[in-house]
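Colleague: Please find one structure pasted underneath; my questions will follow.
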Amino acid sequence: MFADADGELRGTNTQASLQQVLDHYHAGDWRAQRALITGDLIQDNSAEAYERFRELLLPLNMRMHCVPGNHDVRDLMRPVCNRPPFSYCATEEVGDWLLVGLDSCINGEAGGAVTPQELQRFEAIVAASPAKHIMVCLHHPPVAMGSKWLDTVGLKNGEELLRSLQQTGRVRLLVFGHVHQPYDAEHHGIQVIGTPSTCRQFKPGSDDFGVDDRPPAYRRITLHSNGNNDNELIWVNES
Ligand SMILES: [Fe+2]
């Protein structure tokens, strides 16, 4: 989002693009209980853009878990995303599942890392929860995407994070944003999923930065009590 409703990113009106995704959801039969928003909510470092984001998503009428991305400004995002029904890097138990949002951002850098403090916070949350299954939500991918430029701005300690998550024996699913393209693979026994943007996408497998011509997208994830999930990637208005 931009403070300006006409704000464009690489020739696309970001508000109109997000609205297309929301309209697709509202027009369909599939109903969600939660929304996970995996960072990079705004582009122009303005509090107004966060308020615009909030107004646009409120009609979803559900709890919405947000984590920051490298384009976010924590001090502006936190107060807006901490007001219900939004939450910021929060934790929630839903049935047999524990949802945990992690902060993977480093001030002033496009790439990320999960700090030792954030990892300790996660371990304390997990130790206090009886949930059988855990889903982790963060902005940066903990694995290489096979795209030279993108892999220089991933999660610096992705392997360490995945090993820590594996040690809990309960993390089944990790979802991330940042890469503007689909990803779904298993690492250390954990299903790792990336979802394209609600705006423009990046060219998969490209050595240099490149914008793809695929449409906005979102992903529908259904968590089952046995630890499995079903998920479906929805490309919005793809001809
Ligand atoms: Fe990002």
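The values are calculated or read from the model by the stated rules, or taken from the named source; none is laboratory data. The shown structure was predicted, so the numbers you read here are calculated from the model rather than taken from an experiment. Cβ coordinates were reconstructed from backbone atoms using ideal geometry, including for glycine residues, and neighbour counts include every protein chain displayed. Please note that ligands, DNA and RNA were not included when accessible areas were found on the heavy atoms of the full protein model with its side chains. Shrake-Rupley method; radii C 1.70, N 1.55, O 1.52, S 1.80 Å.
Yes/no matrix, rows are residues, columns are (1) touching a helix residue (DSSP H, G or I) at 6+ places or on another chain (Cβ under 9 Å); (2) within 26 Å of residue 13 (Cβ to Cβ):
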{"position": "139", "(1), (2)": "no, yes"}
{"position": "143", "(1), (2)": "yes, no"}
{"position": "153", "(1), (2)": "no, yes"}
{"position": "165", "(1), (2)": "yes, no"}
{"position": "178", "(1), (2)": "yes, yes"}
{"position": "197", "(1), (2)": "yes, yes"}
{"position": "211", "(1), (2)": "no, yes"}
{"position": "224", "(1), (2)": "no, no"}
{"position": "230", "(1), (2)": "no, no"}
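Colleague: Restricting region 162-190 to residues that are under 15 Å from residue 231 (Cα atoms) and open to solvent by 50 Å² or more (accessible area, probe 1.4 Å), which is nearest to the ligand (Cβ to nearest atom)?
Modeller: Here the residue is 182.
Colleague: Any chance you could count how many residues in region 64-94 are touching a residue at least 60 places away in the same chain (Cβ under 8 Å), open to solvent by less than 40 Å² (accessible area, probe 1.4 Å) and away from the ligand (no atom under 16 Å from the Cβ)?
Modeller: Number satisfying all stated conditions: 1.
Colleague: Conditions: (1) more than 24 Å from residue 219 (Cα to Cα); (2) surrounded by 22 or more Cβ atoms within 10 Å (Cβ to Cβ). Residue 195 meets all but one. Number of the miss?
Modeller: (1)
Colleague: Which of the residues belonging to region 202-239 are outside any loop (DSSP other than H, G, I, E, B) and modelled with pLDDT under 95? Give the derivation first.
Modeller: Start the filter on region 202-239 by keeping residues that are outside any loop (DSSP other than H, G, I, E, B), which leaves 202, 211-212, 217-223, 229-235.
Within region 202-239, 202, 211, 212 qualify.
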